[in-house]
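For reference, the structure is listed below as structure tokens.
The values are calculated or read from the model by the stated rules, or taken from the named source; none is laboratory data. Because the structure is a prediction, the values reported are computed rather than measured. In this analysis, Cβ positions are derived from the backbone assuming ideal geometry, glycine residues included, and neighbour counts consider all displayed protein chains.
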Amino acid sequence: MKHLRILLALLATLVASPVFAQGAAAASAMGFGDRLMLFTAFIVIGVGMLSSGYALSISLSAYAACEQERRGSAFIPAVMPGSQGLYAFAIAFLMIGNIKTSFDDPAMMFKVTLAGIICGLPCLFSSIGQARTAAACIKSINNGQMDQGQALLATGVPELYALVGLAGGFLVMN
């Protein structure tokens, strides 16, 4: 219930105030739907960035349980889930750069929104999947069932979907 109140307060603030001070005149002409689209896009891209932190907590927990002599082989798979946050940040940077022009151009506003969703959701799901894969690979390295090369290949597969989201976000914005 408390989270719902916070969300409603954020939405009320979004509707009641201009989106950004630089484009206050254009932003005040924006309707509720336009503001909601931009708000949703930045929430989704923010979740994409934050998912890396959560994913790293999963994979680094497995790394912490690894035996000392096997930690060298397990380190790179343990930190791989952190890359999705960088991809989401790159798209967020583009979104912020194009936000001023989106006040006057509904097509650009749609592109900004779509880029946030196209990049944010794959980053969220691929980081969690990659963290689970990394944790399983680290356990296998620790048990002597897998070497570092095999672990890197297995952990790298979920990364592909984050890269597809990054490429999709770039293509939509340009």
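Here are a few things to note about the model shown:
- Identity of the residue in segment 18-34, surrounded by fewer than 19 Cβ atoms within 10 Å (Cβ to Cβ) and outside any loop (DSSP other than H, G, I, E, B), that ends up modelled with the highest pLDDT: F32
- Flag not set for A162, criterion: more than 22 Å from the chain's Cα centre (by Cα) and of a type in the set (A, V, I, L, M, F, W, C).
- Taking segment 122-151 as the range and being more than 15 Å from G82 (Cα to Cα) and either part of a helix (DSSP H, G or I) or modelled with pLDDT under 90 (or both) as the test, the residues that pass are A136, C137, I138, K139, S140, I141, N142, Q148, G149, Q150, A151.
- Meets criteria (assigned to a helix (DSSP H, G or I) and touching a residue at least 12 places away in the same chain (Cβ under 8 Å)) for A167: no
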